[in-house]
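The values are calculated or read from the model by the stated rules, or taken from the named source; none is laboratory data. All values reported here derive from a predicted model rather than from experimental measurement. In this analysis, Cβ positions are derived from the backbone assuming ideal geometry, glycine residues included, and neighbour counts consider all displayed protein chains. For the accessible areas, the whole protein counts, side chains as well, though only heavy atoms, and no ligand, DNA or RNA atoms are used. Shrake-Rupley method; radii C 1.70, N 1.55, O 1.52, S 1.80 Å.
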Amino acid sequence: MAFLSRFDRPYEAQRPPVHPLIIDKISLNFGGVRALNEISLRVDPGQIFAIIGPNGAGKTSLLNCINALYRPQMGHIMYGDVDLVKVPPHRLPRLGVARAFQNIELFSHMSVLDNLMLGRHIYMKKNLLQALFYWGAGQREEIEHRRFVEYVIDLLEIQSIRKATVGSLAYGLQKRVELGRALSLNPTLILLDEPMAGMNTEEKEDMARYILDIREEWGITVVLIEHDMGVVMDISDQIAVLEFGRLIAVGKPEEVRSNPEVIRAYLGQEYS
Amino acid sequence: MATQSGIYHQTYESDMQLRPTTAQRVRMVLVIAFVLVLPLLVSQNEVRIVNKVMIAAIGAIGLNILVGYTGQISLGQGAFLAVGAYGCGLLMVYFQVPWGLALMAGALITAVVGGLFGLPSLRLKGLYLAVATLAAQQIVEWIIIRWDPIDGTIDGKATDALRIPSNFLFGNSAWRLNDNEYAFYYFVFVVLAIVVIGSVNLFRTHYGRAFIAIRDQDIAAEVMGVNLFYYKVLAFAVSSFLVGLAGGLTTIHSTAISFERFTIDVSIAYLAMIIVGGLGSISGAIYGAIFIEILPEILRSIGQALVQNRLVSDQVFVTVLPFVQQGTFGLLIILMLIVEPEGIRKLWSNIKDYFRLWPFSY
Ligand SMILES: Nc1ncnc2c1ncn2[C@@H]1O[C@H](COP(=O)(O)OP(=O)(O)O)[C@@H](O)[C@H]1O
Ligand SMILES: [Mg+2]
């Protein structure tokens with residue numbers, strides 16, 4: 001796979017520019033509940049950036065803010081010169097931001113192929129009449145994007161389930177398909193919410209390898225939430241620790257591991 | 001589910017073909033041959049029923065695009081049929097627009113009206129949206145009943161019906177579409193074929209995928225770059241275009257139209273078609289249209305046969321039979337859904353799978 005990509009790198013075409021992600025003092029309230037409290041973070045291009053913390057700490061909410069699904073009451077999230085707090089969610093893929101959800105949110109009645117093809121949606125330009133007639137321009141465009149999707153399918157080693165209906169697949173495979181759908185956007189920043197949850201060790205290793213591969217080859221920035229400390233310490237460049245909506249630490253894995261407040265709040269029980 | 005093996009695709013083009021095998025091509029040719037000779041084999045009245053089925057199939061495909069594929073429930077089918085029917089009819093009656101043009105214009109008007117009534121879909125989902133589309137149904141019905149220019153006059157007396165001028169296929173008076181069932185048959189078949197091909201194509205492209213994605217997971221679709229507002233309204237417009245086309249075809253196929261053909265009962269009958277036939281399927285919409293349109297006719301002819309053979313008296317026929325027919329109709333729908341909740345389309349593919357593996361079925 002890696003050797004093939006040297007000759008054929010479809011992801012290098014049509015890519016929006018890579019930017020640092022700058023989260024500037026965002027606060028998010030749900031009624032009286034403060035889910036995020038003045039969070040500031042900087043994620044550099046090409047980093048694997050992990051967010052950890054106990055359940056209910058606000059990790060998913062933070063990704064939802066970056067994704068423009070939640071609107072923080074205060075603060076800004078800059079990606080390039082765009083404030084993500086002010087754009088509608090469907091604009092984000094065009095800015096290069098992709099997302100895979102914690103509870104798989106695939107299009108369960110569609111095939112794997114169609115789920116990934118939906119990731120190419122924003123690049124498709126044919127008009128309705130060309131779609132209704134299909135043959136000619138419409139078909140050419142579909143095939144062009146099919147090539148990209150097949151590249152992703154090879155990368156994630158899901159060739160054999162291409163035509164399978166997503167809803168019928170095992171959990172681990174669905175997680176992989178969801179990563180594939182996000183990659184099909186050809187993003188510069190990918191947000192992964194617990195991509196390895198519920199997987200066995202072998203599946204986790206595969207997933208970790210894919211994440212490292214795409215960062216290496218595609219140069220994608222990865223922000224991920226993960227509970228498996230072994231994996232997080234292994235693959236992350238930076239780790240941010242959340243507790244009750246507050247950022248209690250951020251730094252390299254070894255710094256976070258030895259931070260007394262982190263040990264107290266979170267790692268203490270599971271990782272000492 | 002069984003899949004056909006032994007077919008390997010060398011190119012994406014061939015993998016994305018609709019009818020990849022020779023057997024399927026042969027079947028296509030047989031179907032077309034059957035369609036061409038069918039009118040020669042059956043009575044004018046039977047052709048009339050087939051024509052009604054084909055119009056209903058176009059309307060049901062339209063509704064299925066909205067409800068089955070995009071997941072937006074609509075109770076406004078009757079209203080949208082009416083907009084197409086009256087749009088087409090009024091253009092012909094008051095502006096002498098040629099029927100072909102009036103038909104297309106009626107469908108386009110319905111697309112716009114459908115798109116407008118689709119606007120609430122951004123805020124409303126499921127049953128709430130259904131209630132909003134019910135408003136469309138009520139408003140349109142009210143307008144048709146109350147607005148005078150729509151009530152035509154026949155022999156100087158005001159009526160509830162709009163009288164439709166003659167429409168001739170090929171400009172030839174032998175081919176009067178209003179009541180020459182054979183002429184209308186060939187015409188509506190071509191229209192249905194175009195609608196089927198266009199709809200199938202639609203779901204091979206990013207438009208159709210966006211519709212299905214909205215149905216399956218709207219938030220995820222949005223996060224993948226699908227503009228929900230645009231695509232929901234587009235689904236309403238595309239769906240309504242076909243429904244309006246079906247309405248216009250009803251007009252072309254009539255000497256007069258009136259509001260009774262476009263009531264809430266009609267909306268519900270169409271929902272029954274796509275549910276019984278198979279939600280989110282083009283062929284399902286066609287199967288459903290056949291089932292819902294033909295079953296009452298069969299029940300009626302069974303009733304007539306009973307009377308002719310003096311198994312029941314005329315008196316019983318007149319008073320009881322309609323209830324028996326309605327009851328049987330409802331019962332068969334329920335039975336159908338118990339046997340295969342995913343509809344006739346699924347039932348049919350189960351049967352095909354069974355025989356593909358026969359005699360080694362398990
Ligand atoms: N849509 C929402 N409405 C109300 N409260 C929410 C919503 N989303 C998250 N919360 C609350 O915000 C807090 C953080 O939740 P979440 O971000 O899901 O945590 P994590 O992903 O770290 O487990 C929790 O208290 C949760 O109940
Ligand atoms: Mg979470």
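Taking chain B as a Gaussian network of alpha-carbon nodes connected by springs under 10 Å, the highest mean-square fluctuation of the residues B:ARG215, B:ARG25, B:ARG146 belongs to B:ARG25. Taking Cβ atoms as reference points and 15 Å as the exclusive limit, the residues near B:MET54 contribute a net charge of -2, counting Lys and Arg as +1 and Asp and Glu as -1. Which FRET efficiency, nearest 0.05, do A:GLU12 and B:HIS9 yield, Cβ-Cβ r, R0 30 Å? Here the calculated transfer efficiency is 0.65. Accessible surface of the range A:1-106, 1.4 Å probe: 53 percent of it comes from carbon and sulfur atoms. With the helix formula -39500 (n - 2.57) applied to DSSP H stretches of n ≥ 4, chain B reaches a computed 222 nm mean residue ellipticity of -23500 deg cm²/dmol.
Here the Karplus curve 6.51 cos²θ - 1.76 cosθ + 1.60, taken at θ = phi - 60°, turns the phi angles of the range A:163-168 into couplings of 8, 6, 6, 4, x, 8 Hz, with x standing for Gly and Pro. Of the residues B:LEU177, B:LEU234, B:LEU40, the one that moves most in a GNM of chain B with alpha-carbon contacts below 10 Å is B:LEU40. Using the average count of surrounding beta-carbon atoms within 10 Å as a protection proxy, the listed peptides A:232-241, B:275-284, B:116-125 rank, highest first, as B:275-284, A:232-241, B:116-125.
Subtracting the Cα-Cα distance of A:PHE244 and A:ALA164 from their residue separation scaled by 0.36 nm leaves 24.7 nm.
Calculate the length of the line joining the C-alpha centroid of the range B:201-226 to that of the range B:292-362, in whole Å. Taking the Cα centre of the range B:292-362 as reference, the centre of the range B:201-226 is 36 Å away.
Phi angles across the range B:332-345 convert, under the Karplus curve 6.51 cos²θ - 1.76 cosθ + 1.60 with θ = phi - 60°, into 3J(HN,Hα) values of 5, 5, 4, 4, 4, 6, 6, 4, 8, x, 7, x, 4, 4 Hz, Gly and Pro given as x. For A:ARG120, the amide hydrogen comes within under 5 Å of no other amide hydrogen, counting only partners 5 or more places away or on other chains and with H modelled in the peptide plane.
Summing charges over neighbours of A:LEU36, with a neighbour being any other residue whose Cβ is under 12 Å away from its Cβ, gives +3 when K and R count +1 and D and E count -1.
Treating r as the C-beta distance of A:LYS86 and B:ILE143 and R0 as 45 Å, the FRET efficiency rounds to 0.60. Estimated from the Cβ-Cβ distance and a Förster radius of 30 angstrom, the FRET efficiency linking B:ALA256 and B:LEU134 is about 0.65. Indicate the residues belonging to the range B:190-213 that lose 30 Å² or more of solvent-accessible heavy-atom surface (probe 1.4 Å) upon moving from the chain alone to the assembly of all protein chains, ignoring ligands and nucleic acids. Those are B:ASN201, B:LEU202, B:ARG204, B:THR205, B:HIS206, B:TYR207, B:ARG209, B:ALA213, which lose 30 Å² or more relative to the chain on its own. Taken per residue, the accessible surface of the range B:43-357 reaches 44 Å², heavy atoms only and a 1.4 Å probe. For A:LEU224, the residues whose modelled amide H falls within less than 5 Å of its own, excluding neighbours fewer than 5 places apart on the same chain, are A:PHE49, A:ALA50, A:ILE51, A:LEU192.
Each residue of the range B:234-245 was assigned a 3J(HN,Hα) from its phi angle through the Karplus expression (A = 6.51, B = -1.76, C = 1.60, θ = phi - 60°), giving 4, 4, 4, 5, 5, 4, 5, 4, 5, 5, x, 4 Hz with x at Gly and Pro. Taking A:HIS227, A:HIS76, A:HIS90 in turn, the Gaussian network model of chain A (Cα-Cα springs below 10 Å) assigns the largest fluctuation to A:HIS90. For A:ARG181, A:ARG71, A:ARG15, the ranking by accessible surface with the largest value first comes to A:ARG71, A:ARG15, A:ARG181, using a 1.4 Å probe.
Between B:VAL35 and A:GLN102, the simple spin-label model (points 7 angstrom out along Cα→Cβ) gives 5.2 nm.
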